[in-house]
Amino acid sequence: QEFQFGPCRVEGVVLQKLWQAFWAMKDIVQAQDNITSVRLLRKEVLHNVSETESCHLIHALLRFYVNTVFKLYHDKAAEFGVLKSFSALANNFFVIVSKLQASQEKMFSTHESARRRFLLFYRAFKQLDRESAVTKAFGEMDILLSWMEKFYQL
Amino acid sequence: DGVAVLPAPQNLSVQSTNMKHVLTWSPVIVPEEIIHYSVEYQGEYESLYMSHIWIPSSWCSPTQRPECDITEDITATVSYSLRVRATLGSLTSAWSTLKHRFNQNSTILTPPGMEITMDGFHLLIKLEDLGPHFEFFVSYWRREPGAKEHVKVVRPGVLPVYLETVEPGAAYCVKARTFVKAIGRHSAFSQTECVKVQGEALPL
Amino acid sequence: HIAEDTSDLLQHVKFQSSNFENILTWDGRLESAPDTVYSVQYKTYGEGEWLEKKGCQRITRKSCNLTVETGNLTELYYARVTATDGAGRSATKMTDRFSPLQHTSIKPPDVTCIPKVRSIQMIVHPTYTPIRARNGHQLTLENIFQDLLYRLKLHINHTYQMHFEGKQREFEFVGLTPDTEFRGTIMICIPNLFKESTPYVCQVKTLPDRTWT
């Protein structure tokens, strides 16, 4: 069982564990997001992504989650008593980013379209105030996991 | 923080077998007093991105025993820092941190316990249930020159599980090993067990 | 002016979903006045507009079928109910964010168990859902979940089991004793999302062996 994002392969992460961690806090986290008219991970970001593009895109997205979203959301996670789930997702995303990093360096294909998709997400994130944006991004991890699942090979 | 008069726990170490991880330490002794301990952990993410953050262990914050089952706290294949401190009333010791970080990919995988039985001409296997991390690969073959080895993924359960319909008078051998997805490792094979099927061998 | 507490008018507004039949349900006051009426709206997460659900405006029952309105598997949804009692008091409550893929539970499969002399054949029939592809075809659970598999067990006189697991829909347990009772259980499993149906159970008896009579 592994992720295969085009040429990028990631072992040692069990998708069910990520779902388990997210579901343990889903309703608490998503209930804090009352901007129901904005979705950061829209169809234009994630639909019809080519194989080679998928590696660049997931790397950009997960690196943003690891470097920004998790970092800024930590205190809320402690406040809601979901640190264990938070840590499980953060550390597993960290594993994926680390392993994608290695694959990325070997890839020569351009990733302009992946970058455009990421920027769609990032601009939507920037249009909200920081706390709302971080809460919304954290609550949309199920959209990310559903998309990642397409690249998960049993 | 309380005044650190209490000595910090010493000799921290982790014993990990078949993805069950137990942190142990030497008990802090204060005559006629009950000492409590608190355990906290940090994954690689916390260490790198928010090193001031430690997460209380699920089962041992606090505990009275000088050991802690941290299996549920280890939720990724990254290296973890672990620390323990002692508490006696309002007195609190300093934290004692595990010298070498722990990663679940170092767990010891033992060959699975198995029991081979027959029911009529059905070859059956019963496997020790080691928990959700584990898959069981069972190899079995007819004991004769050039026999083909079959491999089946078997789910452990309360009852024995059917492997094969066998022929009277023949002998069959079985061995098994485990596989853990999260760390991508197999155990060694179990001892091979062979059984002889009753009855006359069928004429060729 | 102190706002009157009307939260008792309406509780537990949530989706109940099984094989993508998505039903919105709620509770009213325990002794809710018969003249309390309920109106349902729904929206797609990320869009601005709340839409009224035709057929669930000013109703007295406490459920509403939103299967069609929540039939896009790549979307997430919200629904909300407004309760109004005879005295004109009202309350509105919203569901959690609803994801059909994550929330739906799986019903037992439809299976035909065919006993023979020394074997039992099991044929699992496809499970159609209300979800339609772009071309209008109804999708089955297999179309929707790429990791779907079937887990079959044959229980042999309470002492052991025969197991099968796989994506195919036809299985045959062989090497059985003629004229004997067996209990078979068949489940649908979707490992990635931890979904498992309750089992379909068939009790069958192998045929007598008449070869020597």
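Every read-out reported here was derived from the displayed coordinates using simple, explicitly stated rules and does not represent laboratory data. Keep in mind the model is a prediction, meaning the values are calculated, not measured. So basically every Cβ, Gly included, is an ideal-geometry build from the backbone, and we count neighbours across all protein chains shown.
What the table shows:
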read-out	value
Helix axis angle, A:130-139 relative to chain A longest principal axis, alpha carbon, degrees	70
Amide H contacts under 5 Å for B:TYR80, placed H, 5+ residues apart	B:PHE102, B:ASN103
Isolated Cys residues of the protein assembly as shown, judged by Cβ distance under 4.7 Å to other cysteines	C:CYS189
Dipole in debye (nearest 20) - the protein assembly as shown, about Cα centre, beta carbon charges: Lys, Arg +1; Asp, Glu -1	1180
At q = 0.07, 0.13 Å⁻¹, base-10 log of I(q)/I(0) for the protein assembly as shown (Debye sum, equal scatterers on each alpha carbon)	-0.58, -1.36
Relative contact order of region C:76-213, pairs being alpha-carbon contacts under 8 Å that are 6 or more residues apart, as %	25
Unit charges at the beta carbon, dipole of the protein assembly as shown: most positive-side option, C:LEU10, B:VAL195, C:GLY175	C:GLY175
Whether chain C is rounded, prolate or oblate, judged on the alpha carbon gyration tensor where a/c under 1.5 counts as rounded	prolate
Over region C:7-103, relative contact order from alpha-carbon pairs under 8 Å, at least 6 apart, %	34
Reachable lysines from C:LYS93, criterion Cα separation under 17 angstrom, eight or more residues apart if same chain	C:LYS14, C:LYS43, C:LYS53, C:LYS62
Neighbourhood net charge (12 Å Cβ-Cβ; Lys/Arg +1, Asp/Glu -1) for A:LEU145	0
Simple label model, 7 Å out from Cα along Cβ direction - A:GLN16 to B:CYS173, nm	3.3
Other-chain or far-sequence residues with amide H under 5 Å of C:LEU176's (modelled H)	C:SER119
Shielding by partners - mean other protein chain Cβ count within 10 Å, residues of A:143-152	3
Value of relative contact order over chain A, rounded to a whole percent, pairs C-alpha under 8 Å and six or more apart	46
Positive-end residue of C:LEU193, C:MET162, C:PRO115, charge dipole of region C:110-205 with Cβ unit charges	C:LEU193
Tilt relative to chain A, helix A:83-106 - C-alpha long axis, 0 to 90 degrees, to 10	20
Compactness relative to 2.2 N^0.38 Å, alpha carbon Rg of region C:51-153	1.56
Phi-based couplings in Hz for region B:73-89 (Karplus 6.51, -1.76, 1.60; Gly and Pro marked x)	7, 8, 10, 8, 8, 10, 8, 10, 9, 10, 9, 9, 9, 9, 9, 9, x
Relative pair counts by distance (%), Cα atoms of region A:2-153, 5 Å bins	2, 9, 20, 23, 21, 15, 7, 2, 0
Residues in region A:1-41 that a label on C:LEU149 would reach, taking backbone N under 18 Å of a point 7 Å out along Cα→Cβ	A:1-4, A:12-17
For region B:96-112, Karplus couplings with θ = phi - 60° (6.51, -1.76, 1.60), whole Hz, Gly/Pro x	10, 10, 4, 4, 9, 4, 10, 10, 5, 6, 9, 4, 7, 9, 8, x, x
Amide N of region A:140-154 lying under 19 Å from the label point, which is placed 7 angstrom from the Cα of A:LYS43 along Cα→Cβ	A:143-148, A:150
Computed Rg/Rh of region C:7-103, alpha carbon atoms with Kirkwood Rh	0.97
Ordering of C:177-189, B:65-77 by packing [mean C-beta count within 10 Å, highest first]	B:65-77, C:177-189
For C:GLY46, residues with placed amide H under 5 Å, excluding near neighbours	A:SER37, A:VAL38
Integer Hz, Karplus 6.51/-1.76/1.60 couplings in order for region B:183-188, x for Gly and Pro	10, x, 10, 9, 7, 6
Cα gyration tensor of region B:71-204 - equivalent ellipsoid semi-axes, whole Å, descending	46, 15, 11
Helix-only mean residue ellipticity at 222 nm for chain C, each DSSP H run of n ≥ 4 adding -39500 (n - 2.57), per residue, nearest 500	-500 deg cm²/dmol
Region B:97-203 - charge dipole about Cα centre, Lys and Arg +1 at Cβ, Asp and Glu -1, debye rounded to 20	660
Packing-based ranking, highest mean first, of C:95-105, B:26-36 given that Cβ atoms within 10 Å are counted	C:95-105, B:26-36
Per-pair calculated FRET efficiency, R0 = 45 Å: C:LYS205 and B:HIS52 via Cβ, rounded to 0.05	0.10
